[in-house]
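J.: Quick one: the structure is below, and I'll ask about it shortly.
Read-outs: derived from the displayed coordinates by stated rules, not from any lab. Keep in mind it's a predicted model, so treat the numbers as computed, not measured. Here the Cβ positions follow ideal geometry from the backbone for every residue, glycine too, while neighbour counts run over all protein chains shown.
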Amino acid sequence: MKKYQVGVIGTNIGAKHFEDFQKVSERFNIHTLCGLTREAIDKILHSNNKTKVSLNFDDVLKEKEIDIIDICLPPHLHFSACKKSLETGKHVICEKPLVSSLKEIDELEKISKETGKFIFPVFQYRYGLGFSKFKALIKSGLVGKPLVASLETHWNRGKDYYSKPWRGTWEGEQGGAILSHSIHIHDLVSMILGPVSNVFAKLTTRVNDIEVEDCAALSIEMSNGSLVTSSITLGAANDTSRLRFCFEGLTVESGASPDKPYNPADDKWKFLARAPITQNQIDEVLSKIKKPKSWYAGMFDEIANKLDGLPSDEVTLLDARKSLEFVTAVYDSSRQNKNIKLPIDKDNPLYNSWLPKDE
């Protein structure tokens, strides 16, 4: 199998990407790490002398050996960086949110098709033992009809977090807790329950002196008829991510460990049978699940499978589009104070941008 050469762009979340690429080093090599300062890069590389260093994004794109550009930049830079990378013949991995509107993601899809290069959006919460078990149970047919689900994204973000000038602004961050913090947990709901049918959203700013929202309450109906509630705040005492799903034959609860708020798939999950399904039936399925690679490493592994032409479970451009369509509907609902149905068509004023008009 080919070993893919990667250029990582950005040294904030890029440091986490760099770390997890080492866990799949048989399939990937970090060819170049690009950042604003040599000091920021050196903090990541330590004694690694094999990785090239660059302070210029365009120079990285000129490296013919690089197969994949991994974009770990602030959200407002994602679209332009993805576009340039595709047009120079590179595959792209890009952090969330992939772009800042449905119009932009549709433009990237067109460029991807024209260039024959893939875009892999980042939703690393999908990968880990908890979700491997969950998906196996769904595939087994034991769970039955989905009924309801509840989500909590209760995190702590204060002055230190918002000390970066681009954070907390519409221009820099492109949105608040809906876009930057709870986007992962909402992706998980779509992964498990399928498409969203409609949403009613209340958004507010109660914790920090910022432009964008930091608290939200959402009421969601899925296309299969199941109902979901989502509670979001950046004013909790610690960081907790919690999920609970009720099916006809099974209730599923994620752990809520304070040390795993960003990696719920690797937390301790409960899978509780509901009669006539028995716990023995559930446990028999679970006993056959092997521990997979998790978080970014699990995601990278699936990307390599896709590029190698093997069966894969990578995050697709369609997954990212569904996520951003949901974000668009949430902002639309909050501003109009009404229930918004999905899908969002091109006639919706927020198709081109969900940023407030004065931005």
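J.: Could you go through segment 294-310 in sequence order and give the Karplus-derived ³J(HN,Hα) for each residue, using 6.51 cos²θ - 1.76 cosθ + 1.60 with θ = phi - 60°, rounded to whole Hz, and x for Gly and Pro?
T.: Using θ = phi - 60°, the values come out as 10, 6, 4, 4, x, 5, 4, 4, 5, 5, 4, 4, 4, 5, 7, x, 9 Hz.
J.: For the chain, what proportion of DSSP beta bridges, expressed in % and rounded to the nearest 5, is antiparallel? Working shown, then result.
T.: Details: 33 of 60 bridges.
Here the antiparallel bridges make up roughly 55 percent for the chain.
J.: Going by how many other beta carbons lie within 10 Å of each one, how would you line up GLU87, GLU63, fewest first?
T.: Lowest to highest Cβ neighbour count: GLU87, GLU63.
J.: Short version: ³J(HN,Hα) in whole Hz for each residue of segment 170-179, in order, from phi by Karplus 6.51 cos²θ - 1.76 cosθ + 1.60 (θ = phi - 60°), x for Gly and Pro, what are they?
T.: Couplings: 5, 5, x, 9, 6, x, x, 4, 5, 8 Hz.
J.: Hey, any idea what Rg/Rh is for the chain, computing Rh the Kirkwood way over Cα pairs?
T.: Checking Rg against Rh, the ratio lands at 0.96.
J.: Of the listed peptides 34-42, 157-165, what is their order by residue-averaged count of other C-beta atoms within 10 Å, with the highest listed first?
T.: Highest mean packing first, the order is 34-42, 157-165.
J.: Additional query: Considering only the other residues whose Cβ falls under 11 Å of the Cβ of SER312, what net charge follows from Lys and Arg at +1 and Asp and Glu at -1?
T.: Net local charge, SER312 excluded: -4.
J.: Kindly provide log₁₀ I(q)/I(0) values, in the same order as q = 0.11, 0.26 Å⁻¹, from the Debye equation applied to equal alpha-carbon scatterers of segment 273-359.
T.: Scattering profile of segment 273-359, log10 relative to I(0): -0.63, -1.20.
J.: Let me ask another. For TYR127, enumerate residues with amide H under 5 Å from its amide H, sequence gap 5+ or separate chain, H modeled in the peptide plane.
T.: Those qualifying (amide H under 5 Å, at least 5 residues apart or on another chain) are TRP295.
J.: Just report the Cα centroid separation between segment 308-355 and segment 112-155, whole Å.
T.: If we compute the Cα centre of each part, the gap is 16 Å.
J.: May I ask you to evaluate 6.51 cos²θ - 1.76 cosθ + 1.60, the Karplus curve with θ = phi - 60°, for each residue of segment 107-119 and list the ³J(HN,Hα) values in order in whole Hz, giving x for glycine and proline?
T.: Rounded to whole hertz, the list is 5, 5, 4, 5, 5, 4, 5, 5, 8, x, 10, 8, 10.
J.: My understanding is that a pair violates if its Cα-Cα distance is over 26 Å; which of LYS3/LYS322; LYS90/LYS306; LYS96/LYS346; LYS103/LYS341 do that in this structure?
T.: LYS3/LYS322
J.: Near LYS268, within a Cβ-to-Cβ distance under 14 Å, what is the net charge of the other residues, with Lys and Arg +1 and Asp and Glu -1? Don't skip to the end; give the middle numbers.
T.: Numbers: positive: LYS133, ARG242, ARG244, LYS260, LYS270, LYS291; negative: GLU253, ASP259, ASP266, ASP267.
For residues surrounding LYS268, the net value is +2.
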